[in-house]
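Participant: Sharing a structure, written as structure tokens. Questions coming.
The values are calculated or read from the model by the stated rules, or taken from the named source; none is laboratory data. What you see is a predicted model; the values in this text were computed from it and never measured. Backbone-built Cβ (ideal geometry, glycine too); neighbour counts: all protein chains shown. For accessibility, only protein heavy atoms count, side chains too; no ligands or nucleic acids. Shrake-Rupley method; radii C 1.70, N 1.55, O 1.52, S 1.80 Å.
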Amino acid sequence: MSLLKFLFAAILTFIWVVLLNFSPAALPYVGKSFSNSALASMPPMGKFLNPFNGFWQNAEVLHPSLPKKNVLEQLQAPVKVVYDDRLVPHIFAENDNDLYFMQGYVTAQLRLWQMEFQTHASAGRLSEIVGKKAINYDREQRHKGMITAAENALNALNTNSTTKNIVQAYTQGVNAYINSLSYKTMPFEYKLLNYQPEPWTPLKSALLLKYMADDLTGGDNDLEMTNAYKLLGNTDFNALFPDFPKGIDPIIPVDADADFQAIASPKQPQAPKDTLPKTPTTNHPDENILQDLLNDSTTSLLPLPHRRKPEPSLGSNNWAVAPSKTATGQAILCNDPHLGLNLPSIWFEIQLHSPNVNVYGVSLPGSPCVVIGFNENITWGVTNGSRDVKDWYKIQFKNAARKEYKYNNAWKKTTQRIETIKVRFADALQDTVIYTDFGPIVYDYEDNKNKNLAMHWKALDQSDELLTFYQLNRAANYDDYVNALKHYECPAQNFAYADAAGNIAIWQQGKFPLKWRQQGKFLLDSTFSGNEWQSYIPQSHNPHVKNPERGFISSANQHPTDSLYPYYYNGNFEYYRNRRLNQQLVMAQDITVQDMKDLQTDNYNLQAAESLKALLGYIDTTNLNKEELNTYHILNSWDFFNNPDLIAPSMYKLFWGILVNNLWDELKTPDSNTPLLLPKSYITNQLLVLQPNSKFMDIKSTPQKETATELVQISFKQAVDSLQNWADATKNDRTWAAFKGTDVRHLARIPALGIENINVGGDAGILNAVTPTNGPSWRMIVAIGNKTEAFGVYPGGQSGNPGSRYYTNFMEKWIAGDYFNLLFMKDEQNIEAAKVLTTQTFSPN
């Protein structure tokens, strides 16, 4: 009997062990019932919980277990990798092939899951990992042409032997690491989400670069602008959405002289007379939407399904001050790109050293070279150019088959790309993307009235941005810097520069279409070629300045030039950070590195400083209750700094938001699918201060006619109630950090692997531009000269492993506005033993 019990227990244990080594969705008969639930993505619990091979092996007590001696037969010579006490790798190779091979290997060693997940997101392949919930995201990525964009970029990379070779070497390094993995050493997220890495390819590196291009230039307001024009008419539209608002402070100083002779811009073309015979099947019901498109009088507004658009607070700051303004007589360059706050962090800190290069900075995990950094001679940093390089065209197809479209009084053939979207725990989907000469048809959903919209986006064209960074890494002077920029096309960036000789400069670099006035600001007619991009602004005519008289250069996503620039452009520009930055730099003398640290983390709210006094002046304090009067006094005594422990910034943010909502009710429609754009806060503030009796002050839902006085009073009372209701509902105090709620989220949005509600100030429009989900992703300050000093920090840590102390060990300093000294080694011997965490050596045999 006891034997039978033993056998029964043994059999039951065996079955249990076997079952635990399958995920629920993989089990026969029951898998389908799990496929639509959270259990579908559960890992095989037996493997996952195994103390010898499961997730326990991802826990690091002190630092990663990095093998000290390694044989990699792909190498041509020995390579040494020194990890400093922050886990920053300093790679010393005897040739460039080995250098980039090891950059790929080392980056994958610490960030493999992030590298692959981001390229899956770029390619529209997230459904392969997380299942059905990502299908719409994947479809949109495919329809935007992200894979086509990466293929075009790869073609450009391959035409240049330099970039072709370094991408291939990087790819081989990543794959050498992947091939060394077992389940035991697999990154944590692969175990948790129950899948395995696939081989790295050069296309993946190109996808990563296009992922960044989409993040930085993926926004557009063409349909919103078209609707606003239709709704407002010419006069009001131009007043509320001017190309050059009054009082802007552009990147290029207004007193700087242009060093080029402008070429002629094209004139707005006239559509040719239609000679094609009318066909009953030609027109979609809304096909006449382009007729008199911008006339004040008529046509309905353009609907569109909800679109994922880049976070509007994405931006950056960079500047450089000349030796004449610094305490040491060295030029100082500063940069802090504002991107998504994610874990693992978007950047990977690294030093690359070979006989041909010695550079330090941050790289993008998945791509070779340093993107922002410095060498012994120069330093550079980037901000987003914010110019519009994406135009939309209404396509008129011959019939429902969409095989031909109208173009210059003829029918032109389309091409089709069949996209297969693999879906985890479900059948694969096939989707057809239609391509025209303008670009892909992005929106073609059956419930979308305006479904035939083609997108011309500069990022879809062939270009080799990697060559720019390869050459910047090696640049020795201003001429090298300028020559490196000539290869850079998209996403447009403001490249700030300083060198050891004391020069400072800035170029806005990109390949910009030469447009007629307002071309691309509104939806365009595709039926004739005159609306296409005809040519490009010469690269040497891009906005730039070297050693300006004021002693500094700067950019913070504002207009690159004033209205006298001879070429038309439009974009989504910033109006507060840049002016605060320039105000401070104009006044500053004997500048120190500490001054620059303080400026990068400055919480001063210039918008509040320019608006709040006027707003409070409209309020009748005799008509306030006790709580409202207390709020009034708190705001009235505020010094306009958005520090985390203050209540006033929370009050102002909510007050302003409600006021804007009430003010611009004219620009809202009952249909949530109708895209509309509100005027910038800068324009709104000017209207409130200078035109208190404007017709826009009226609240449409009330019978009486309001002025700014009534509008502000109503909005203020609503804001006081709303803030208290929020505090009661959330059980939070009303301090700015609590109200703003900044999170550093895990890339896969796994809450336990992120950090929530960090205690930090700032906001969009403030130099310390920390919003709920975005912020300074890398703060860098370099004082360059005979004795270069560099400082930096980013939110997160070098390791992508949530079980490592190096996953978030930079966060405390980043939150506090503190920095690390960056260890720039002249050679592999030039390092204190106390600064060395560990060393890896690699050899071909």
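Participant: Suppose we keep only residues that are part of a strand (DSSP E or B) and over 16 Å from the mean Cα position of the chain (by Cα) within region 744-781. Which one would you say is nearest to Arg805 (Cα to Cα)?
Facilitator: So the residue we want is Ile755.
Participant: Read through the list (1) surrounded by 24 or more Cβ atoms within 10 Å (Cβ to Cβ); (2) among the polar types (S, T, N, Q); (3) within 21 Å of the chain's Cα centre (by Cα), then give the number of the only condition that Asn136 fails.
Facilitator: It fails just one condition, (1).
Participant: Specify which of the listed residues (Glu151, Glu128, Glu198) is under 26 Å from the mean Cα position of the chain (by Cα), surrounded by fewer than 18 Cβ atoms within 10 Å (Cβ to Cβ) and more than 23 Å from Leu72 (Cβ to Cβ).
Facilitator: Glu151
Participant: Sticking with this structure for a sec: Considering Ala93, Ala77, Ala123, which residue is modelled with pLDDT of 95 or more, among the aliphatic types (A, V, I, L, M) and surrounded by fewer than 16 Cβ atoms within 10 Å (Cβ to Cβ)?
Facilitator: Only one candidate qualifies: Ala77.
Participant: While we're looking at this one, here's another question. Scan (1) open to solvent by less than 10 Å² (accessible area, probe 1.4 Å); (2) closer than 20 Å to Lys597 by Cβ; (3) in contact (Cβ under 8 Å) with a residue 60 or more places away in the chain for the single condition Asn809 breaks and write down its number.
Facilitator: Result: Asn809 fails condition (1) only.
Participant: Can I ask one more? In region 418-433, is there at least one residue being within 28 Å of Asn494 (Cβ to Cβ) and either of a type in the set (Asp, Glu) or part of a strand (DSSP E or B) (or both)?
Facilitator: No, because not a single residue in region 418-433 is within 28 Å of Asn494 (Cβ to Cβ) and either of a type in the set (Asp, Glu) or part of a strand (DSSP E or B) (or both).
Participant: Check Lys184, Lys164 and return the single one that is more than 27 Å from Thr432 (Cα to Cα), open to solvent by 40 Å² or more (accessible area, probe 1.4 Å) and touching a Leu at 6+ places or on another chain (Cβ under 8 Å).
Facilitator: Lys164 is the lone residue from the list that is more than 27 Å from Thr432 (Cα to Cα), open to solvent by 40 Å² or more (accessible area, probe 1.4 Å) and touching a Leu at 6+ places or on another chain (Cβ under 8 Å).
Participant: Considering only region 479-526, state which residues are surrounded by fewer than 24 Cβ atoms within 10 Å (Cβ to Cβ), aliphatic (A, V, I, L, M) and within 20 Å of Gly385 (Cβ to Cβ).
Facilitator: Of everything in region 479-526, those that are surrounded by fewer than 24 Cβ atoms within 10 Å (Cβ to Cβ), aliphatic (A, V, I, L, M) and within 20 Å of Gly385 (Cβ to Cβ) turn out to be Val482, Ala484, Leu485, Ala505, Leu514.
Participant: Further, regarding this structure: Could you grab me the full set of residues in region 548-599 that are open to solvent by 30 Å² or more (accessible area, probe 1.4 Å) and polar (S, T, N, Q)?
Facilitator: Correct list: Ser563, Asn572, Gln583, Gln584, Gln589, Thr592, Gln594.
Participant: Next question. Could you check, for region 600-616, whether at least one of its residues is open to solvent by less than 50 Å² (accessible area, probe 1.4 Å) and touching a Cys at 6+ places or on another chain (Cβ under 8 Å)?
Facilitator: Yes: region 600-616 contains one or more residues that are open to solvent by less than 50 Å² (accessible area, probe 1.4 Å) and touching a Cys at 6+ places or on another chain (Cβ under 8 Å).
Participant: Here are some residues: Gln534, Gln594. Which one is more than 26 Å from the chain's Cα centre (by Cα) and within 30 Å of Phe522 (Cα to Cα)?
Facilitator: Selected residue: Gln534, the only one of Gln534, Gln594 that is more than 26 Å from the chain's Cα centre (by Cα) and within 30 Å of Phe522 (Cα to Cα).
Participant: Now for a separate question. Can you find a residue that is under 30 Å from Tyr195 (Cα atoms), within 34 Å of the chain's Cα centre (by Cα) and in contact (Cβ under 8 Å) with a residue 12 or more places away in the chain anywhere in region 712-720?
Facilitator: no
Residue by residue, here is whether (1) under 24 Å from Leu339 (Cβ atoms); (2) out of contact with any Lys or Arg (no Cβ under 9 Å at 6 or more places or on another chain) holds:
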position	(1), (2)
Ser463	yes, no
Cys490	yes, no
Asn494	yes, yes
Asp499	no, yes
Gln508	yes, no
Leu514	no, yes
Phe522	no, yes
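Participant: Whether any residue in region 651-672 is free of Cβ contacts under 8 Å to residues at least 24 places away in the same chain and under 15 Å from Gln724 (Cα atoms) is what I want to check.
Facilitator: No, region 651-672 contains no residue that is free of Cβ contacts under 8 Å to residues at least 24 places away in the same chain and under 15 Å from Gln724 (Cα atoms).
Participant: Let me ask you something else. Whether any residue in region 87-106 is of a type in the set (Gly, Ala, Ser), touching a strand residue (DSSP E or B) at 6+ places or on another chain (Cβ under 7 Å) and either assigned to a loop (DSSP other than H, G, I, E, B) or under 18 Å from Tyr170 (Cβ atoms) (or both) is what I want to check.
Facilitator: yes
Participant: Evaluate region 527-534: report whether one residue or more is open to solvent by 10 Å² or more (accessible area, probe 1.4 Å) and within 30 Å of Asn358 (Cα to Cα).
Facilitator: No; the residues of region 527-534 include none that is open to solvent by 10 Å² or more (accessible area, probe 1.4 Å) and within 30 Å of Asn358 (Cα to Cα).
Participant: Name, by its number, the condition in (1) touching a Leu at 6+ places or on another chain (Cβ under 9 Å); (2) more than 16 Å from Phe241 (Cβ to Cβ); (3) in a loop (DSSP other than H, G, I, E, B) that does not hold for Leu615.
Facilitator: For Leu615, the exception is condition (3).
Participant: Is it the case, given these coordinates, that Tyr652 is under 22 Å from Lys740 (Cα atoms), among the hydroxyl-bearing types (Ser, Thr, Tyr) and within 34 Å of the chain's Cα centre (by Cα)?
Facilitator: Judged against the criteria, Tyr652 is a match.
Participant: Conditions: (1) over 22 Å from Ala492 (Cα atoms); (2) surrounded by fewer than 24 Cβ atoms within 10 Å (Cβ to Cβ). Val382 meets all but one. Number of the miss?
Facilitator: (1)
Participant: Name the residues in region 222-250 that are polar (S, T, N, Q) and either under 17 Å from Tyr682 (Cβ atoms) or touching an Asp or Glu at 6+ places or on another chain (Cβ under 7 Å) (or both), would you?
Facilitator: If the condition is that a residue be polar (S, T, N, Q) and either under 17 Å from Tyr682 (Cβ atoms) or touching an Asp or Glu at 6+ places or on another chain (Cβ under 7 Å) (or both), then Asn234, Asn238 are the ones that fit.
Participant: When you scan region 805-821, how many residues do you find that are part of a loop (DSSP other than H, G, I, E, B), closer than 19 Å to Glu789 by Cβ and of a type in the set (D, E, K, R)?
Facilitator: The total comes to 1.
Participant: Over 25 Å from the mean Cα position of the chain (by Cα) and farther than 30 Å from Asn452 by Cβ, is that true of Leu585?
Facilitator: Spelling it out, Leu585 is indeed over 25 Å from the mean Cα position of the chain (by Cα) and farther than 30 Å from Asn452 by Cβ.
Participant: While we're looking at this one, here's another question. Within region 149-160, identify whether any single residue is closer than 18 Å to Thr432 by Cβ, of a type outside the set (A, V, I, L, M, F, W, C), out of contact with any Cys (no Cβ under 7 Å at 6 or more places or on another chain) and assigned to a helix (DSSP H, G or I), and answer yes or no.
Facilitator: Yes, the conditions are met somewhere in region 149-160.
Participant: Can Phe641 be described as in contact with a helix residue (DSSP H, G or I) (Cβ under 9 Å, 6 or more places away or on another chain), open to solvent by 20 Å² or more (accessible area, probe 1.4 Å) and either of a type outside the set (Val, Ile, Thr) or closer than 23 Å to Asp336 by Cα (or both)?
Facilitator: yes
Participant: A further question follows. Name the residues in region 782-798 that are part of a strand (DSSP E or B) and either modelled with pLDDT under 95 or aliphatic (A, V, I, L, M) (or both), would you?
Facilitator: If the condition is that a residue be part of a strand (DSSP E or B) and either modelled with pLDDT under 95 or aliphatic (A, V, I, L, M) (or both), then Val782, Ala783, Ile784, Ala790, Val793 are the ones that fit.
Participant: Moving to a separate point now. Would you mind finding the one in Val712, Val689, Val744, Val720 that is among the β-branched types (Val, Ile, Thr) and either under 30 Å from Thr119 (Cβ atoms) or touching a Gly at 6+ places or on another chain (Cβ under 6 Å) (or both)?
Facilitator: Val744
Participant: Of the numbered conditions (1) within 17 Å of Phe237 (Cα to Cα); (2) open to solvent by 20 Å² or more (accessible area, probe 1.4 Å), Asn662 fails exactly one; give the number of that condition.
Facilitator: (1)
Participant: May I ask you to list the residues in region 808-845 that are touching a Leu at 6+ places or on another chain (Cβ under 7 Å) and among the aromatic types (Phe, Trp, Tyr)?
Facilitator: Phe842
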